[in-house]
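Okay, so here's the structure we're looking at.
The values are calculated or read from the model by the stated rules, or taken from the named source; none is laboratory data. Small disclaimer: the values here were computed from a predicted structure and weren't measured. In this analysis, Cβ positions are derived from the backbone assuming ideal geometry, glycine residues included, and neighbour counts consider all displayed protein chains. Note: accessible area is taken over every heavy atom of the protein model, side chains too, but ligands, DNA and RNA are not part of it. Shrake-Rupley method; radii C 1.70, N 1.55, O 1.52, S 1.80 Å.
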Amino acid sequence: HLALMGRTRSGKTTTGVQMAQSIVEQSRAPTLFIDPQGTFITDGKLNEKFPSWPMDIQPLEVGLNPIPLDFLPDAKVGHVAIQNAAMTLRDSICLCCKSPGNLMQARLLQSVEQVITTGDDRSLTSIKQTYEGRLEIAGQETDSIAARLDELTRLRCFSPDMSAADFFSRSWVISLMHVQSEELKRLIMLLLLDATAIYFLAQP
């Protein structure tokens, strides 16, 4: 891990980008830039603040286009891998919810597991609908988890169009400028970083 610290406009972002550029020039490694403030993308294109890049890199503005990542594992990977992925997703969502109780967390975990193992629709919308169905069965009204899932799906932040292997073999600059809620920005970043960690830790 590396932290770059300094006052506003002291050159932290420029330094970080130049370091990443040097790494890519030497390694040809795919790159994932998460751009919370929308510094690097204007009207759907990389602007002059982003340097010429050694490899193809795709700009994407969340809110205008979803992140095309299917971060759920295949149902064939086995019970342990499914459990781990479901718990990771549950924990990320609960970090951005107000005081989620044990029952709420268990309900979310069961909903994610159900979508992984039984559903052809692997989207967050499917997880949201499954969770709301469990709420209805329990005679409960909406809660903070349902509200957060509603925000994620209302803005259509993710779309399960690419496998993790395909997504992480490419380079991306992902702008969150159009996401107004700081909690939703935080959740999107958590989901992206969780998916990154799960994918790379699973490699030989």
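Of note:
- Placing +1 on the Cβ of every Lys and Arg and -1 on the Cβ of every Asp and Glu, with no other charges, gives region 140-204 a dipole of roughly 260 debye about its Cα centre.
- Cα-Cα over 23 Å, subset of K12/K49; K12/K185; K76/K185; K76/K98: K76/K185; K76/K98
- Think of it as helices only: each DSSP H run of n ≥ 4 in the chain is worth -39500 (n - 2.57), and spread over all residues that comes to -15500 deg cm²/dmol at 222 nm.
- Computed from backbone phi, the HN-Hα couplings of region 160-171 come to x, 8, 10, 5, 4, 4, 5, 4, 7, 7, 10, 10 Hz, rounded to whole numbers (Karplus: 6.51 cos²θ - 1.76 cosθ + 1.60, θ = phi - 60°; Gly and Pro given as x).
- Signed unit charges on C-beta, dipole axis of region 143-204, positive-most listed residue S159, F200, S171: S171
- Residue-level accessible surface for T13, protein heavy atoms, 1.4 Å, Å²: 80 Å²
- Label point at D74 placed 7 Å out along Cα→Cβ; residues across region 152-180 whose backbone nitrogen lies under 17 Å: 161-169
- About its Cα centre, the chain has a charge dipole of approximately 580 debye under the convention of +1 per Lys or Arg Cβ and -1 per Asp or Glu Cβ, with nothing else charged.
- By definition, a body whose alpha carbon gyration tensor gives a ≥ b ≥ c is oblate when a/c is 1.5 or more and a/b is not larger than b/c, and region 61-204 fits this oblate description.
- Degrees between helix 124-137 axis and first principal axis of the chain (Cα, 0 to 90, nearest 10): 20 degrees
- For region 65-127: rounded, prolate or oblate by the Cα gyration tensor [a/c cutoff 1.5]: oblate
- Sulfur and carbon atoms: percent of accessible area, the chain [1.4 Å]: 51 percent
- Cα lying deepest toward the dipole's positive end in region 81-204, options I82, S111, S126, charges on Cβ: I82
- Rounded accessible area of H79 (nearest 10 Å², 1.4 Å probe): 130 Å²
- Solvent-accessible area per residue for the chain (1.4 angstrom probe, square angstrom): 57 Å²
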